[in-house]
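Novice: To start, I am sharing the structure in question, which I have written as structure tokens.
The values are calculated or read from the model by the stated rules, or taken from the named source; none is laboratory data. Since this is a predicted model, take the numbers as computed values, not measurements. Don't worry about glycine lacking a Cβ; one is built from the backbone with ideal geometry, like all the others, and counts go over all protein chains shown.
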Amino acid sequence: MAVLLSAINLNKHKVSAITYLLVFIVVLASLLFVNTMAIHKIAFALGKKNKFNEGDFMIKDFGVGVDGNPFLTVEGTAGGTIPHTKNVGYAYVFVTDKGTYAVTSDWMYPQWHTHGMTLDKNNCVVSMNMKGGAEVRDMVKLTKTSATIVDKVITAEFIVNNSDGSICEVLTFDTAP
């Protein structure tokens with residue numbers, strides 16, 4: 001510190017450059033250490049609050065597209081409704097020849113993303129991974145799974161139980177076939 005002060009006193013012209021550099025470093029460091037959850041809450045508060053649209057989950061068609069990827073279309077807007085309530089998420093679920101995958105949006109990560117999963121008889125998650133990909137535009141497309149057959153699709157709401165951490169479907173919007 002004494003070396004820094006003596007260097008500043010030796011050359012008053014460099015004081016402003018050093019001061020600006022130090023202020024920049026402090027501001028940058030402060031931004032890097034901001035709690036990401038606080039940023040998420042601010043983004044949610046400032047972002048467009050969309051209302052729930054049941055049509056966004058009413059299945060119109062499903063299958064495997066000409067590109068070889070499983071897909072589903074809905075009467076509303078695919079991915080048009082995202083959850084805004086803590087511990088709630090929405091899912092487009094694909095039961096395929098390569099396993100069950102859910103393209104989901106939840107209160108912590110509203111961007112649509114994919115999980116490979118195993119469900120129990122009560123539709124609670126037994127195991128889950130981050131395998132697979134998704135494209136959500138005019139349809140929900142399941143990618144990076146090598147699935148070639150879609151046996152069933154489901155649109156649903158799920159919750160995370162605070163007491164035991166379980167993730168379970170609580171409402172089925174639609175299913176096909």
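Novice: Limited to the range 76-88, what total is found for residues that are farther than 12 Å from R137 by Cβ and surrounded by 14 or more Cβ atoms within 10 Å (Cβ to Cβ)?
Specialist: The total comes to 7.
Novice: Oh, and also: Tell me, which residue of the range 121-141 that is of a type in the set (D, E, K, R) and in contact with a Leu (Cβ under 9 Å, 6 or more places away or on another chain) is surrounded by the fewest Cβ atoms within 10 Å (Cβ to Cβ)?
Specialist: The selected residue is E135.
Novice: Kindly provide the set of residues from the range 144-166 that are part of a strand (DSSP E or B) and touching a residue at least 60 places away in the same chain (Cβ under 8 Å), ordered by number.
Specialist: Correct list: V150, V153, I154, T155, A156, E157, F158, I159, V160.
Novice: Checking T175 against (1) among the polar types (S, T, N, Q); (2) touching a residue at least 60 places away in the same chain (Cβ under 8 Å); (3) loosely packed, with under 13 Cβ neighbours inside 10 Å; (4) in a strand (DSSP E or B), which single condition isn't satisfied?
Specialist: Only one criterion is unmet by T175, namely (3).
Novice: Pick from the range 147-173 the residues that are in contact with an Asp or Glu (Cβ under 9 Å, 6 or more places away or on another chain) and polar (S, T, N, Q): which of them is nearest to D61 (Cα to Cα)?
Specialist: Here the residue is T155.
Novice: Can you find a residue that is out of contact with any Gly (no Cβ under 9 Å at 6 or more places or on another chain), under 16 Å from A156 (Cα atoms) and not hydrophobic (A, V, I, L, M, F, W, C) anywhere in the range 65-77?
Specialist: yes
Novice: Return the only residue of M108, M139 being in the same structural domain as G68 (by TED's automatic domain parsing), over 19 Å from L72 (Cα atoms) and touching a residue at least 12 places away in the same chain (Cβ under 8 Å).
Specialist: Exactly one residue qualifies, and that residue is M108.
Novice: Could you list, in sequence order, the residues of the range 100-120 that are surrounded by fewer than 16 Cβ atoms within 10 Å (Cβ to Cβ) and within 17 Å of A147 (Cβ to Cβ)? If you could, list the steps in order and put the result at the bottom.
Specialist: Our first condition is that a residue be surrounded by fewer than 16 Cβ atoms within 10 Å (Cβ to Cβ); within the range 100-120, this holds for 108-109, 111, 118, 120.
Listed by number, the list holds a single entry, T118.
Novice: Report the residue count in the range 105-143 for those that are under 10 Å from the mean Cα position of the chain (by Cα) and part of a strand (DSSP E or B).
Specialist: Here the count works out to 4.
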